[in-house]
1. Those residues that are surrounded by fewer than 22 Cβ atoms within 10 Å (Cβ to Cβ) and more than 22 Å from the chain's Cα centre (by Cα), I need them from the range 242-265; list them, please.
2. Please count how many residues of the range 207-241 are touching a residue at least 24 places away in the same chain (Cβ under 8 Å) and either closer than 15 Å to Lys281 by Cβ or under 20 Å from the mean Cα position of the chain (by Cα) (or both).
3. Would you confirm whether any residue within the range 253-265 is free of Cβ contacts under 8 Å to residues at least 24 places away in the same chain, of a type in the set (Lys, Arg) and not in a loop (DSSP other than H, G, I, E, B)?
4. Using the structure shown, decide if Val165 is of a type in the set (A, V, I, L, M), more than 11 Å from the chain's Cα centre (by Cα) and at pLDDT 95 or above.
5. Name the single residue that is nearest to Leu135 (Cα to Cα) among those in the range 56-82 being at pLDDT 95 or above and open to solvent by 70 Å² or more (accessible area, probe 1.4 Å).
6. Take the residues of the range 269-287 that are small (Gly, Ala, Ser) and open to solvent by 10 Å² or more (accessible area, probe 1.4 Å): which is modelled with the lowest pLDDT?
7. Looking only at the range 114-139, count every residue that is without any contact (Cβ under 8 Å) to a residue 24 or more places away in the chain and either open to solvent by 60 Å² or more (accessible area, probe 1.4 Å) or at positive phi (or both) and tell me the total.
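The values are calculated or read from the model by the stated rules, or taken from the named source; none is laboratory data. Only a predicted model underlies this, so the values are computations on that prediction, with no experimental measurement involved. As a convention, Cβ positions derive from the backbone with ideal geometry for all residues, glycine included, and neighbour counts pool all protein chains shown. Remember, those area values only see protein heavy atoms, side chains included, never the ligands or the DNA or RNA. Shrake-Rupley method; radii C 1.70, N 1.55, O 1.52, S 1.80 Å.
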Amino acid sequence: MKANYFTRGLAAAVFLLAVGFFMVTPASAEAKTANNLLEVNKTYTQYDVTGDKKADKLLISAPYNERYQMYEGCDVFINGKKALSYNTSTSLYTYSIEARRLKLDNGKTYLALLRTIENYDIPGAAIYQYKKGKLKKVIDLDSMSKIGYHNNVRKITVSGNKIGVTYGEMSYSLGAISFRLDYQYKKGKMTQKTTQPKLKETYLDYLKQSYWTANLTMNVLKSPGGKKIATLKPEKKVKIDKIYLNAKHTKIYLHVKIKGGKSGWVKGLTKYPNENATLFKEVVYAG
């Protein structure tokens with residue numbers, strides 16, 4: 001548990017993280033894109049998972065410990081051969097394993113694999129592509145540790161040659177937030193297309209408020225990392241509609257609209273703040 005001075009609103013913040021966890025859209029016709037929910041310990045023979053446009057034999061094997069009600073390891077077999085070993089440490093209770101087969105409009109196929117532990121965390125979650133007999137990671141779904149903790153995935157969508165991922169995060173800057181990143185297939189790779197995602201949900205939604213109250217003095221920049229255009233002083237009210245997140249997820253900026261003033265960007269936090277050093281007074285952390 002983090003410092004006690006952030007425990008107010010704990011249940012509400014956890015609720016924001018949990019609501020809609022890994023919601024999915026119905027699978028579309030196999031003719032083009034597809035988004036197929038897969039069960040563990042079940043053999044599938046109707047799907048192409050190697051990308052050769054031929055049906056493969058797929059088994060996601062995950063032994064379940066009935067006594068402790070947790071999964072103990074996970075192996076993925078494609079056409080009878082092990083393509084991936086997915087460790088589930090006994091020190092981290094794996095309550096569920098979500099798997100999805102994703103197919104783009106261009107025929108490229110992927111496998112999303114997520115294990116859920118306490119607080120809806122998904123350590124090691126990723127989207128894989130089959131290459132030379134093995135499943136290789138192409139999208140890291142658990143790469144948000146620089147901007148917060150309790151990372152989870154709420155929704156995965158497929159449209160055209162794009163994969164959309166809605167994340168839930170206990171961010172250091174704003175507490176519980178959710179946002180969507182799009183990944184586009186380009187020149188043989190899936191690359192992050194979105195750098196300025198809109199905030200889909202924050203703790204203010206629970207409070208039924210529209211404005212954040214500045215807790216510190218902050219520089220307002222014209223662009224992320226750009227020139228200073230104003231100063232945001234304590235007690236000033238702002239709206240925050242989106243964030244900037246670089247491709248490595250190591251830098252975060254918040255787009256603020258000062259009540260009665262200018263709009264711009266303030267630098268977000270990349271580590272847990274000291275007591276009374278949150279950026280805004282409404283920020284609540286959980287877990």
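1. Lys257, Ile258, Lys259, Gly260, Gly261, Lys262, Ser263 - these are the residues of the range 242-265 that are surrounded by fewer than 22 Cβ atoms within 10 Å (Cβ to Cβ) and more than 22 Å from the chain's Cα centre (by Cα).
2. 17
3. There is at least one residue in the range 253-265 that is free of Cβ contacts under 8 Å to residues at least 24 places away in the same chain, of a type in the set (Lys, Arg) and not in a loop (DSSP other than H, G, I, E, B).
4. The answer is no for Val165.
5. My answer is Lys82.
6. Filtering the range 269-287 for residues small (Gly, Ala, Ser) gives 277, 286-287.
Keeping just the survivors that are open to solvent by 10 Å² or more (accessible area, probe 1.4 Å) gives 277, 287.
On the way: Ala277: 94, Gly287: 73.
Among those that are small (Gly, Ala, Ser) and open to solvent by 10 Å² or more (accessible area, probe 1.4 Å), it is Gly287.
7. Qualifying residue count for the region: 4.
Results for (1) at positive phi; (2) in a loop (DSSP other than H, G, I, E, B); (3) open to solvent by 50 Å² or more (accessible area, probe 1.4 Å); (4) touching a helix residue (DSSP H, G or I) at 6+ places or on another chain (Cβ under 7 Å), shown as yes or no for each residue.
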position: Ser145; (1), (2), (3), (4): no, yes, yes, no
position: Asn152; (1), (2), (3), (4): no, no, no, yes
position: Val158; (1), (2), (3), (4): no, no, no, no
position: Gly164; (1), (2), (3), (4): no, no, no, no
position: Glu169; (1), (2), (3), (4): no, no, no, no
position: Thr191; (1), (2), (3), (4): no, no, yes, no
